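Below: the structure, in structure tokens.
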Amino acid sequence: MSERKIALEVEDLWVSYGESVVLEAVSFRVERGRFIGIIGPNGAGKTTLFKAILGIIPVKRGKVRVFGEDVDRVRDRIGYVPQMVETNPMVPLTCGEMVAMGLVARPWGVRVLSGSTEDKVRRAMALLGIEDLFTVPYKTASVGQKQRVLIARALVKDPQILFLDEPTASVDEPTETNVFYLLNQLKGQGMTIVMISHDIGVLSQFVDEIACLNRTLVYHGKGGEELSSAITSAYSCPVDLIAHGMPHRVLKRHEDD
């Protein structure tokens with residue numbers, strides 16, 4: 001695999017919270033322009049993995065390279081959608097101002113938007129169908145609307161790689177489908193996408209690869225029987241069929257002992 005084609009490289013990554021090891025010897029690569037889905041049970045370390053990659057939390061050991069560079073050197077090329085962002089209710093940010101935070105190093109300096117900034121913000125919000133929220137206070141938006149605002153905030157600077165942590169967990173089914181189609185369109189334009197999701201059924205329609213994480217990387221590839229076995233092990237739940245490229249994945253009903 002040519003180094004020029006690598007968007008993300010994680011090598012022997014270890015992360016601990018105190019004495020507790022959360023990630024152990026995680027290594028994988030993502031080629032440019034690929035869409036990878038990361039799955040795993042609750043508490044598997046998926047969000048921790050993102051935070052370690054992005055330099056939000058320290059790592060115990062290992063290396064992370066984005067486009068062959070340390071993450072601090074390429075932050076302007078990275079978009080990140082966390083699970084949710086709550087703001088101080090005393091700070092009356094509008095949804096448009098929240099989106100504009102994706103463009104500036106000092107986020108609290110966005111109260112007056114320039115013409116060019118406003119145009120970029122409105123275009124990003126239009127992609128998510130929330131342009132009508134431009135002047136709406138962020139604190140009054142619904143949970144699903146806030147999630148779409150956060151996606152628009154990540155997209156407003158036209159990133160080359162996008163990290164999304166459960167971006168559709170709080171939206172309705174039509175919006176979830178629209179978000180996935182948008183991500184697929186962005187991938188078609190050359191964007192690299194790395195996404196955490198519990199919705200294996202929808203995820204499998206769009207991703208090029210799946211990584212299964214449970215403290216360590218259990219599986220990384222295109223799917224098939226190996227992934228079926230990996231998920232069974234990671235989730236402690238039997239899996240009937242996992243076939244990459246099919247419109248859905250069929251999972252056996254989990255029966256408690």
Hey, Asp76 hits all of (1) buried (at least 19 other Cβ atoms within 10 Å of the Cβ); (2) more than 22 Å from Leu23 (Cβ to Cβ) but one; which does it fall short on? (1)
If I filter region 1-46 down to residues being surrounded by fewer than 16 Cβ atoms within 10 Å (Cβ to Cβ) and of a type in the set (A, V, I, L, M, F, W, C), which single residue comes out as modelled with the lowest pLDDT? Met1
Residue check: is Gly79 in contact with a Leu (Cβ under 6 Å, 6 or more places away or on another chain) and more than 20 Å from Asp158 (Cβ to Cβ)? no
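Quick grid of which residues meet (1) surrounded by 18 or more Cβ atoms within 10 Å (Cβ to Cβ); (2) under 24 Å from Val10 (Cβ atoms); (3) modelled with pLDDT under 90:
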| residue | (1), (2), (3) |
| --- | --- |
| Val156 | yes, no, no |
| Val171 | yes, no, yes |
| Val194 | yes, yes, no |
| Ala211 | yes, yes, no |
What strands (runs of 3 or more DSSP E) completely inside region 1-99 contain at least 2 residues that are of a type in the set (A, V, I, L, M), touching a residue at least 12 places away in the same chain (Cβ under 8 Å) and in contact with a Lys or Arg (Cβ under 6 Å, 6 or more places away or on another chain)? 6-17
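The values are calculated or read from the model by the stated rules, or taken from the named source; none is laboratory data. Remember, predicted model here, so these are calculated numbers, not experimental data. For neighbour counting, all protein chains shown are included, and Cβ atoms are generated from backbone atoms with ideal geometry for every residue, glycine included.
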